[in-house]
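Please read the structure below before turning to the comments.
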Amino acid sequence: MLMQTHQARLKALREELKRRDLDGFIIPISDEHMSEYVGEYAQRLNWLTGFGGSAGFAAVTLNHAAIFVDGRYTVQVRDQVDESLFEYRSIPGDRLGDWLVEVCEAGAKIAYDPWLHTWSWVEGLEKIVEAGRITMVPAGSNPIDAVWADQPEPSDAQAVVHAEDLAGRPSADKRAAVADWLTDQGLDAVVIPALDSIAWLLNIRGSDVAHTPVALSYVIAHSDGHAELFIAPGKVTPELVQHLGNAVTVRPRAEFAPALAGELAGKRVSVDPDFGVVGIAQALRAGGAKFTFKQDPTILAKAVKNPAEVQGHRDAQARDGAAVSRFLRWLEVTAPAGEIDELTAAAKLEGFRREHGDLRDTSFDTISAAAGHAALPHYKVDEESNIPIPPGSIYLVDSGGQYPAGTTDITRTVWIDTPAGSEPTAEMKDRFTRVLKGHIQIDRAVFPEGTCGGQIDILARQYLWEAGVDYAHGTGHGVGSFLGVHEGPQRIAKPGGGQAGTAQELLAGMILSNEPGYYKPGAFGIRIENLVLTVEREIDGAEGHSLGFDCLTFVPIDRRLIDRDLLTDSEIAWLDAYHAKVRAIVAPQLSSDDLAWLEAQTAAL
């Protein structure tokens with residue numbers, strides 16, 4: 001039935017393309033703000049293909065169709081997308097442009113939605129397809145929207161004020177800093193389409209996108225300190241208007257594109273190349289603005305947390321640590337009977353979080369992964385993929401919460417015992433301990449000012465490399481303050497290979513994840529993830545400034561999976577000290593059996 005549904009949708013799209021005299025169309029997972037997570041109205045790829053991953057795109061011509069995903073989704077795409085409708089292509093090895101040249105005749109017109117793609121993406125594609133004399137055409141409106149009969153409307157939830165005691169800095173100060181940047185750059189205005197940048201700049205939040213507390217809107221900030229917020233009128237409250245004050249003009253969202261095209265003639269305007277879609281650039285050009293591509297001036301400022309944001313994050317982590325600890329104790333007690341499945345475990349964890357704090361949402365879809373599913377780094381459990389958690393196996397849970405005080409993200413890998421008792425294999429213990437050793441190296445790293453994330457990634461991988469194994473994802477990503485769980489520009493990953501952010505200097509105040517892993521396809525997966533705060537380190541005799549990390553996440557690490565003989569004395573001392581901190585922070589929030597469990601889990605190794 002589902003195959004017939006997607007077959008009918010594909011047919012309807014092709015009929016719409018014929019009606020528009022087009023030969024093909026590109027369908028990304030994206031919205032007008034280039035958000036990581038998008039609203040239901042923007043889930044066009046999922047509607048057309050059935051693919052539920054968070055990254056990828058499809059290309060449809062009148063006679064061919066393909067879906068392009070990276071290695072994280074190789075298994076998932078085959079489970080969810082019918083190969084008789086869409087051929088599977090793997091990126092970055094397979095390039096969209098090459099595929100279009102292969103399947104299209106010369107003179108073909110391939111459309112794209114200019115509000116869903118960046119300028120550089122379109123330019124890059126055009127250079128490839130010109131060899132096949134294929135023309136890329138910006139669509140006047142999205143063809144998917146024309147055939148998606150029950151397409152949801154964008155969220156109408158009201159925007160809310162983010163308290164200044166949590167934000168740590170008035171919006172007026174942030175806007176003044178942007179105005180100073182514009183003056184320094186010789187610019188008159190900057191267009192800010194990124195939803196988390198808008199939320200940070202104006203100290204507002206929303207509930208328009210799952211997992212990220214943002215409000216659908218745009219901002220144009222001017223060099224005189226004045227800003228314009230373009231947002232649907234129904235989302236605006238008297239409290240919001242009062243909070244924004246006279247220096248922020250609130251305008252209907254529908255006026256944004258006309259304002260770009262009609263009110264900035266002759267002005268020097270900046271747009272971020274990663275978030276400014278083609279539609280923005282086209283409107284500015286049509287209106288006579290002199291636009292240039294520069295990084296959004298809020299991005300780096302947002303990444304460096306102020307003292308109030310840091311304290312808020314610590315508070316959120318303390319509550320989160322208690323919730324996750326209670327969950328792990330519950331799992332240890334109940335899972336050996338074999339009656340708990342992945343969905344039940346994820347729901348139980350969210351329930352514990354709701355009991356322990358002002359949880360507004362999860363910060364991403366919980367990765368609740370049993371047995372072979374744990375070998376899929378970005379596995380997403382649903383009714384079809386859900387399996388019981390087998391006793392005598394590894395279970396991996398990667399999860400997080402959105403609290404007004406902060407955003408959390410934690411992964412724990414644990415052993416699920418059998419009623420009669422069981423032991424992990426020697427291989428499991430070896431891999432887990434090597435991952436732990438790498439995790440410890442990142443946590444206690446000290447490095448000179450000016451170091452970037454790409455330069456320290458090797459610290460996490462070295463012990464896995466010694467065994468001839470590795471993991472295919474980055475080691476760390478930035479994290480927002482009651483904003484995106486994945487926040488740039490900083491990143492810890494192998495340098496090069498298109499890994500954005502690995503060349504960004506790590507600065508005091510940046511929060512990152514520390515999450516090395518190991519994955520044996522079809523068997524088990526391991527990841528240990530804490531969040532860390534970049535801080536200044538004092539070193540006697542140092543010839544320059546040094547930085548390091550303070551750990552922010554406090555939940556026991558499963559000692560049943562540790563091969564003690566592989567740990568050095570200093571690594572054992574780190575683990576004992578870490579567990580002592582877990583006990584100090586989490587124990588006061590627990591009682592009875594939960595407390596007894598925590599004390600046992602955090603005893604010296």
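The values are calculated or read from the model by the stated rules, or taken from the named source; none is laboratory data. Bear in mind the structure is a predicted one, so any value in this text is a computation, not a measurement. Neighbour counts run over all protein chains shown; Cβ positions are idealised from the backbone, glycine included. Side chains are part of the model used for accessible areas, which takes the heavy atoms of the whole protein and leaves out ligands, DNA and RNA. Shrake-Rupley method; radii C 1.70, N 1.55, O 1.52, S 1.80 Å.
Out of Arg78, Arg44, Arg19, which single residue is crowded, with 17+ Cβ neighbours inside 10 Å and of a type in the set (Lys, Arg)?
From the options Arg78, Arg44, Arg19, the qualifying one is Arg44.
How many residues does the stretch 103-121 contain that are part of a helix (DSSP H, G or I) and either farther than 22 Å from Leu13 by Cα or open to solvent by less than 10 Å² (accessible area, probe 1.4 Å) (or both)?
3
Answer yes if at least one residue in the stretch 227-243 is open to solvent by 20 Å² or more (accessible area, probe 1.4 Å) and among the basic types (Lys, Arg), and no otherwise.
Within the stretch 227-243 (the criterion being open to solvent by 20 Å² or more (accessible area, probe 1.4 Å) and among the basic types (Lys, Arg)), the answer is no, since none of the residues qualifies.
Run Met136 past the list (1) in contact with a Gly (Cβ under 9 Å, 6 or more places away or on another chain); (2) open to solvent by less than 20 Å² (accessible area, probe 1.4 Å); (3) not in a helix (DSSP H, G or I) and report the number of the one that doesn't hold.
Tallying (1) in contact with a Gly (Cβ under 9 Å, 6 or more places away or on another chain); (2) open to solvent by less than 20 Å² (accessible area, probe 1.4 Å); (3) not in a helix (DSSP H, G or I), Met136 fails exactly one: (1).
Check Ser592 against each of (1) open to solvent by 50 Å² or more (accessible area, probe 1.4 Å); (2) closer than 30 Å to Lys305 by Cβ and name the one condition it does not meet.
Ser592 satisfies all of (1) open to solvent by 50 Å² or more (accessible area, probe 1.4 Å); (2) closer than 30 Å to Lys305 by Cβ except (2).
For the stretch 256-278, what are the residues that are touching a His at 6+ places or on another chain (Cβ under 7 Å) and open to solvent by 40 Å² or more (accessible area, probe 1.4 Å)?
Selection gives Phe275 alone.
Is it the case that some residue within the stretch 493-502 is open to solvent by 10 Å² or more (accessible area, probe 1.4 Å) and over 28 Å from Gln295 (Cβ atoms)?
No, the conditions are met nowhere in the stretch 493-502.
What number of residues within the stretch 144-166 are among the aliphatic types (A, V, I, L, M), part of a loop (DSSP other than H, G, I, E, B) and open to solvent by less than 40 Å² (accessible area, probe 1.4 Å)?
2
Consider only pairs whose beta carbons are under 6 Å apart and that are at least six residues apart or on different chains; among these, list those whose first residue lies in the stretch 535-554 and is closer than 14 Å to Ile511 by Cβ and whose second residue is crowded, with 16+ Cβ neighbours inside 10 Å and among the aliphatic types (A, V, I, L, M).
Phe549/Val532; Asp550/Leu533; Cys551/Val532; Leu552/Leu531; Leu552/Leu533; Thr553/Ile410; Thr553/Leu531
Identify all residues within the stretch 43-98 that are assigned to a loop (DSSP other than H, G, I, E, B), of a type in the set (S, T, N, Q) and under 21 Å from the mean Cα position of the chain (by Cα); write none if there are none.
Matches in the stretch 43-98: Gln43, Ser54.
Mind counting the residues in the stretch 48-75 that are open to solvent by 20 Å² or more (accessible area, probe 1.4 Å) and either at pLDDT 95 or above or of a type in the set (Phe, Trp, Tyr) (or both)?
Of the residues in that region, 4 qualify.
Might you check whether a residue that is open to solvent by 70 Å² or more (accessible area, probe 1.4 Å), touching a helix residue (DSSP H, G or I) at 6+ places or on another chain (Cβ under 8 Å) and part of a helix (DSSP H, G or I) occurs anywhere in the stretch 176-190?
Within the stretch 176-190 (the criterion being open to solvent by 70 Å² or more (accessible area, probe 1.4 Å), touching a helix residue (DSSP H, G or I) at 6+ places or on another chain (Cβ under 8 Å) and part of a helix (DSSP H, G or I)), the answer is no, since none of the residues qualifies.
Among the residues of the stretch 29-41, write down those that are among the small types (Gly, Ala, Ser) and either over 21 Å from the mean Cα position of the chain (by Cα) or open to solvent by 10 Å² or more (accessible area, probe 1.4 Å) (or both).
Within the stretch 29-41, just Ser35 meets the criteria.
In the stretch 368-413, how many are open to solvent by 10 Å² or more (accessible area, probe 1.4 Å), under 20 Å from Glu339 (Cα atoms) and among the aliphatic types (A, V, I, L, M)?
Counting residues in the stretch 368-413 that are open to solvent by 10 Å² or more (accessible area, probe 1.4 Å), under 20 Å from Glu339 (Cα atoms) and among the aliphatic types (A, V, I, L, M) gives 3.
Only one of Gly488, Gly468 is open to solvent by 20 Å² or more (accessible area, probe 1.4 Å) and under 22 Å from Phe364 (Cβ atoms); which?
The conditions single out Gly488.
Show the residue pairs meeting these rules: Cβ distance below 6 Å; 6+ apart or different chains; first residue within the stretch 208-229 and under 18 Å from Ala259 (Cβ atoms) and touching a residue at least 12 places away in the same chain (Cβ under 8 Å); second residue surrounded by fewer than 20 Cβ atoms within 10 Å (Cβ to Cβ) and among the basic types (Lys, Arg).
Partner pairs satisfying both residue conditions: Glu228/Arg251.
Considering only the stretch 336-406, give the strands (runs of 3 or more DSSP E) lying wholly within it that have at least 2 residues that are touching a residue at least 24 places away in the same chain (Cβ under 8 Å), of a type in the set (Gly, Ala, Ser) and within 21 Å of Phe524 (Cα to Cα).
367-370, 393-399
Assess whether Arg169 counts as being among the basic types (Lys, Arg), open to solvent by 10 Å² or more (accessible area, probe 1.4 Å) and either modelled with pLDDT under 95 or not in a helix (DSSP H, G or I) (or both).
When the stated conditions are applied, Arg169 passes them.
Here is a yes/no grid of residues against (1) among the aliphatic types (A, V, I, L, M); (2) free of Cβ contacts under 8 Å to residues at least 60 places away in the same chain:
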| site | (1), (2) |
| --- | --- |
| Asp98 | no, yes |
| Glu102 | no, yes |
| Arg133 | no, yes |
| Ser141 | no, yes |
| Ala149 | yes, yes |
| Ala163 | yes, no |
| Ala167 | yes, no |
| Ala176 | yes, yes |
| Pro193 | no, no |
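Quick one: in the stretch 81-102, of everything that is hydroxyl-bearing (Ser, Thr, Tyr) and open to solvent by less than 60 Å² (accessible area, probe 1.4 Å), which residue is modelled with the highest pLDDT?
Per the criteria, the residue is Tyr88.
Six or more apart or on different chains, Cβ atoms under 8 Å: show the pairs whose first residue is in the stretch 568-587 and closer than 21 Å to Ala460 by Cβ and free of Cβ contacts under 8 Å to residues at least 40 places away in the same chain and whose second is of a type in the set (Gly, Ala, Ser) and open to solvent by less than 60 Å² (accessible area, probe 1.4 Å).
Pairs found: His579/Ala603.
Tell me whether the stretch 519-528 contains one or more residues that are at pLDDT 95 or above and closer than 24 Å to Gly168 by Cα.
Checking the stretch 519-528: not a single residue is at pLDDT 95 or above and closer than 24 Å to Gly168 by Cα.
Could you list, in sequence order, the residues of the stretch 431-452 that are surrounded by fewer than 18 Cβ atoms within 10 Å (Cβ to Cβ) and out of contact with any helix residue (DSSP H, G or I) (no Cβ under 7 Å at 6 or more places or on another chain)?
Val446, Pro448, Glu449, Gly450, Thr451 - these are the residues of the stretch 431-452 that are surrounded by fewer than 18 Cβ atoms within 10 Å (Cβ to Cβ) and out of contact with any helix residue (DSSP H, G or I) (no Cβ under 7 Å at 6 or more places or on another chain).
For the stretch 555-569, which residues satisfy the criterion of being open to solvent by 20 Å² or more (accessible area, probe 1.4 Å) and assigned to a loop (DSSP other than H, G, I, E, B)?
Within the stretch 555-569, Asp563, Thr568 qualify.
Just a yes or no: is a residue in the stretch 542-549 open to solvent by less than 50 Å² (accessible area, probe 1.4 Å), within 31 Å of the chain's Cα centre (by Cα), among the aromatic types (Phe, Trp, Tyr) and within 19 Å of Met428 (Cα to Cα)?
No, that holds for no residue.
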